[in-house]
Every structure is written in structure tokens, then in C-alpha cells.
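Visitor: Attaching a single structure in C-alpha cells format; questions to follow.
The values are calculated or read from the model by the stated rules, or taken from the named source; none is laboratory data. Just so you know, these numbers come straight off a predicted model, no measurement behind them. We place every Cβ from the backbone using ideal geometry, glycine too, and count neighbours over all the protein chains shown. Accessible surface areas use protein heavy atoms only, side chains included; no ligands, DNA or RNA. Shrake-Rupley method; radii C 1.70, N 1.55, O 1.52, S 1.80 Å.
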Amino acid sequence: MLTCRELFEFLHDYLARDLSLAQRASFELHLTVCKHCREYLATYKKTIDLTCAACEPDDDVPEDVPEDLVQAILNARRSK
Amino acid sequence: MNAPSEAILVEQLRAGSDEAFESLVREHGGVMLATARRVLGQDADAQDAVQDAFVQAFRKIDTFHGESKLRTWLHRITVNASLMKLRSSRSRPAVSIDELLPQFLEDGHRTVGEKRWSDPGLVAAERSETRAIVREMIDCLPDDYREVVLLRDVEQLDTKETADFLGVGLAVVKTRLHRARQALRTLLARRFAGVTGC
């Protein structure tokens, strides 16, 4: 059976679904018996979700570009 | 003013039309600003990056041959400008990535268990507060790792696109992303446990 270290090495490929069927079975067998790795996997996935959500623009950010930025860009182009 | 078709707009830009450039800024500026905000976090830095991106786009318009949409071409320039800004405006020293990776016993098993994150401290946190914490922790990562996280997990580029952007191989992107996610997980676990700083 995989050790925890070996499972961690496969973690990225497991989530990317890049493991072979045999590798995936070994990975999941380890998870069934290792509470530490199950909990680590849960927080690893949570990290990815939080990263994605944290960098979405706030709901109140307007889609239109602010007028002062438009003018700054137009001036920057003229001065180049 | 009605927006001209993309091909006509590009021709006008090549001819140096002020009106076409303003049209480009008004049509694409909002989306580009949103992209820069995702990468940089700070609004002032994002506005600077968008300004730089438009100046570069105008200079390089002769290199746009229509293989991709103008919007895609501008997105790439914006991400590049944002990454340049990111590197030049680091507000704190980066952490050592190795110290944040999981530790194992000699037999390859874990030394410690993990605390679940579904505890009240995280669930009760305001969404905006959590977002600010995550952003702060991303900014603790060394540049090579921060950039991969931002391109893959924030901008949602695939591994090939990210590799092309950074000029590295696919295996390097995969390794850096995995290590960056592990380090970020450790930083977040510490912060959710009440430890401040990186």
C-alpha cells in the first residue's frame, strides 16, 4: 500500500485525473485507511476553492472602466 | 459611437486612429481591469497594469494577426503587465517554501494529523474577510509559486498555457503548482488557527 509520502506525491495528478486506474485504486485504498490523509486532501481541495473564490472581483466592481482611468490611458498613449 | 467590427478596429489602430484607440479602451478596459484586479489584488496597481497593457497593445498592434480574438490577445498582455507589476511591488518578503511543505516520518507516514477547516472559526468568517486572508497568504509565496497559483487557480489557464506564459516546461508547472498549493494550505491552516503574518 502507498505511504502517506507517496500519496502526497500523487495528489496533484489525482485531482487532475491523470492517474492510471491502478494508481487511482492504490491512492483511494490508502485514503480509506488513513484519516490524516483524508483530512489533508479535504483541506488541500478547500485551499484550491478558496484561492479561486478569493480572487474573483467583488460583486460591486463595475464592468465599465472608470473614466479617470480611460483619460489616464489616453494621455499615456499621447505622451509616448 | 457604434463599436466598429474587430477587423476594422485593428486596421484603424494600425493607422494610428485616436478614436479607434479610445474605442478599444472603452470596450475592453473593464474586463482587463477585472483581470488585473484578480492577479494583483490592489486596485491602484491594477489600474497601472491596465494602463501599461494598453500602451503595449498599441505599440504591438502590428504583431496582432487575428489568429486569436482581440479580447484573448489583450487578456494575455494584461496578465503579462500584471505579473510584471506583481514582481516589482512585493510588499513583504516571501516565505521559504520548503518550511511549509508537509513533513513525514522515516517510514513515509505523516507526523501529525490535520485539523478540519469546517470549524466555526472559518465558517463564521465574513466572506470578504476570508478572501482578504487568502489573498494575503498568496502574496506570502515566492514569486515563482505565486505566479503559478495566480495563472492556474485564479485565471484558470491550463497547464500548457501557464507553461507558455512562464517559459517553463509542463512538469515544472505541475510541480510548482502542487508545492504552492501545499504551502498555501499550511499558511491558511496557521491563519485559521489564529497565527498572524506569513
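Visitor: Can you give the calculated 222 nm mean residue ellipticity of chain A, where each DSSP H run of n ≥ 4 adds -39,500 (n - 2.57) and the sum is split over every residue, rounded to the nearest 500 deg cm²/dmol?
Guide: Working: 4 runs with 58 residues, N = 80.
Computed ellipticity for chain A at 222 nm equals -23500 deg cm²/dmol.
Visitor: Please give the per residue accessible area of the protein assembly as shown, computed with a probe of 1.4 Å over protein heavy atoms only, in Å². Could you put the intermediate results ahead of the total?
Guide: Values: 14270 Å² over 278 residues.
Value for the protein assembly as shown: 51 Å² per residue.
Visitor: Equivalent-ellipsoid semi-axes (√(5λ), Cα gyration tensor) for segment B:97-192, whole Å, largest first?
Guide: Numbers: eigenvalues 124, 81, 21 Å².
The equivalent ellipsoid of segment B:97-192 has semi-axes of 25, 20, 10 Å.
Visitor: List nothing, just return the count: lysine pairs in segment B:49-198, 8 or more apart or interchain, with Cα separation under 26 Å.
Guide: 8
Visitor: Applying the Karplus parametrisation 6.51 cos²θ - 1.76 cosθ + 1.60 with θ = phi - 60° to the phi angles of segment B:19-31, what ³J(HN,Hα) value in whole Hz is obtained for each residue in order, glycine and proline being reported as x?
Guide: 5, 5, 5, 5, 4, 4, 5, 6, 6, 10, x, x, 5
Visitor: OK, next. State the percent of C-alpha pairs, over all pairs in the protein assembly as shown, separated by a distance greater than 24 angstrom. Each step should come with its number before you reach the end.
Guide: On the way: 21544 of 38503 pairs.
In whole percent, the share of Cα-Cα pairs in the protein assembly as shown beyond 24 Å is 56.
Visitor: Any chance you could list the semi-axes, whole Å, largest first, of the equivalent ellipsoid that the Cα gyration tensor gives for chain B, using √(5λ)? Please report the intermediate quantities before stating the final value.
Guide: Values: eigenvalues 309, 70, 35 Å².
Computed over chain B, the values are 39, 19, 13 Å.
Visitor: While we're here: Could you check the simple spin-label distance between A:Arg78 and B:Phe104, using points 7 Å along Cα→Cβ, in nm with one decimal?
Guide: 6.3 nm
Visitor: Would you mind calculating the gained length between B:Ser128 and B:Thr72 on full extension (0.36 nm times residue separation, minus the Cα-Cα distance), in nm to one decimal? Walk me through the intermediate numbers first.
Guide: Details: separation 56, 0.36 × 56 = 20.16 nm, distance 2.92 nm.
Stretched fully, the B:Ser128-B:Thr72 segment lengthens by 17.2 nm.
Visitor: Next question. State, as an integer percentage, the relative contact order of chain B based on alpha-carbon contacts under 8 Å between residues 6 or more apart.
Guide: 20 percent
Visitor: Is there a quick way to get the dipole size of chain B? I mean about its Cα centre, with the Cβ of Lys and Arg at +1 and of Asp and Glu at -1; what is the value in debye to the nearest 20? Walk me through the intermediate numbers first.
Guide: Details: 29 positive and 30 negative charges, 112 e Å.
So the magnitude is around 540 debye.
Visitor: Segment A:1-35: which trypsin sites (Lys or Arg not before Pro) are DSSP loop and have at most 15 other beta-carbon atoms within 10 angstrom? Can you show the working numbers first?
Guide: Values: sites: A:Arg5, A:Arg17, A:Arg24, A:Lys35; in loops: A:Arg17.
Hits after loop and neighbour filter: A:Arg17.
Visitor: Next question. Suppose R0 equals 30 Å; then what is the FRET efficiency for B:Val112 and B:Glu161 from their Cβ-Cβ distance, rounded to the nearest 0.05?
Guide: Values: r = 36 Å, r/R0 = 1.21.
E(calc), rounded to 0.05, equals 0.25.
Visitor: Calculate the translational D of segment B:6-88 in whole µm² s⁻¹ from Stokes-Einstein, where the hydrodynamic radius comes from the Kirkwood formula applied to all Cα pairs, the temperature is 25 °C and the viscosity 0.890 mPa s. Let's see the in-between values first.
Guide: On the way: Rh = 12.7 Å.
Stokes-Einstein gives a translational diffusion coefficient of 193 µm²/s.
Visitor: Across peptide B:177-185, what mean number of C-beta atoms from other chains lies inside 10 Å of a residue's C-beta?
Guide: Working: counts 3, 9, 1, 2, 8, 6, 1, 5, 9.
Mean partner shielding for this stretch: 5.
Visitor: In Å² (nearest 100), what accessible area is buried between A and B, both sides summed, heavy protein atoms only, 1.4 Å probe?
Guide: Working: alone 6760 and 11850 Å², together 14270 Å².
Between A and B, the summed buried area is about 4300 Å².
Visitor: Could you check how much of the accessible area of the protein assembly as shown is carbon and sulfur, as a whole percent, using a 1.4 Å probe?
Guide: Within the protein assembly as shown, the accessible surface is 49 percent carbon and sulfur.
Visitor: Can I ask one more? Run lengths n ≥ 4 of DSSP H only: what is the helix-derived mean residue ellipticity at 222 nm for chain B, with -39500 (n - 2.57) per run over all residues, to the nearest 500?
Guide: Numbers: 9 runs with 122 residues, N = 198.
The helix contribution divided over chain B gives -19500 deg cm²/dmol.
Visitor: Which value, in debye to the nearest 20, gives the size of the charge dipole of chain A about its Cα centre, when Lys and Arg are +1 and Asp and Glu are -1 at the Cβ?
Guide: Details: 10 positive and 15 negative charges, 108 e Å.
Taking the Cα centre of chain A as origin, the dipole is about 520 debye.
Visitor: Let me ask you something else. Of all the C-alpha pairs in segment A:1-58, what % are more than 15 Å from each other? Mind showing how you got there, number by number?
Guide: Numbers: 845 of 1653 pairs.
The answer is 51 percent, as a whole percent.
Visitor: With angles folded into 0 to 90 degrees, how steeply does helix B:70-88 sit against the dominant principal axis of chain B? Use alpha carbons for both and round to 10.
Guide: 50 degrees
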